[in-house]
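Down below is the structure, laid out as structure tokens.
The values are calculated or read from the model by the stated rules, or taken from the named source; none is laboratory data. This structure is a prediction, so every number in the text was calculated from the model and none was measured. Positions of Cβ are generated from backbone atoms using ideal geometry, with glycine treated the same way; all protein chains shown enter the neighbour counts.
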Amino acid sequence: MKNIFFGKPAGALISFGLFVSFILSGCGIYKFKDVSIPPDVKTVRIKYIDNKARYINPQLSPTLTDKLRQKVVGQTRLRQSNNDDVDWDVSGTITDYSFSTAAISGQQVATNRLSVSVHITLFNQKNNETKDFDVSRSFDFRSDQSFQQAEASLMDEMIKSLSDDIFNKLFSNW
């Protein structure tokens, strides 16, 4: 009786599987770059993301706006413009920026949480269509850190996570 797991049929199957995995992983780097941007969309305007949260971190809006602009220009074929006649017009508002307790240990606060929510509106001027969506993220920090220390230490992670989430929402399902 021939062992199909270690004989030629298995070797061929494994080789084929590795080949397909290699091809798909190679395509993943390039294929998905502009996959969900309609071909007629060439320009985008990313407006300043306003901060309308109760508590305002003055660095969050400008840093998030800049990071999102860099990401869109660097990872898509779209050209950034500040004119009114762009194909896609993106605007956003930070709607929540709040602190809360995340964990208690021995009747003492062990972990705190910083929560950030952003509302994004994408107006497609080509077909007069609007998409609205919200992105929310929570970031935990030790209770022995002050809010200011937590903000400073979490800023890079907040900006990267939020801009990645917004980017992914913008360029999916079109």
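Some notes on this structure:
- Failed item in (1) surrounded by fewer than 16 Cβ atoms within 10 Å (Cβ to Cβ); (2) at negative phi, with GLN107 passing the rest: (2)
- For the residues VAL135, VAL90, VAL86, the requirement of being at pLDDT 95 or above, within 30 Å of ILE37 (Cα to Cα) and touching a helix residue (DSSP H, G or I) at 6+ places or on another chain (Cβ under 6 Å) singles out VAL135.
- Subset of region 143-174 (residues that are assigned to a helix (DSSP H, G or I) and touching a helix residue (DSSP H, G or I) at 6+ places or on another chain (Cβ under 8 Å)): MET155, MET158, ILE159, LYS160, LEU162, SER163, ASP164, ILE166, PHE167, LEU170
- When we screen THR130, THR95, THR101 for residues that are surrounded by 13 or more Cβ atoms within 10 Å (Cβ to Cβ) and either in the same structural domain as ALA53 (by TED's automatic domain parsing) or without any contact (Cβ under 8 Å) to a residue 60 or more places away in the chain (or both), the only hit is THR95.
- Test result for ILE46, at pLDDT below 95 and not acidic (Asp, Glu): no
- Condition check for PHE139: more than 19 Å from ASN51 (Cβ to Cβ), in contact (Cβ under 8 Å) with a residue 24 or more places away in the chain and not β-branched (Val, Ile, Thr): no
- Which listed residue, of VAL109, VAL90, is in contact with a strand residue (DSSP E or B) (Cβ under 9 Å, 6 or more places away or on another chain) and within 22 Å of VAL73 (Cβ to Cβ): VAL90
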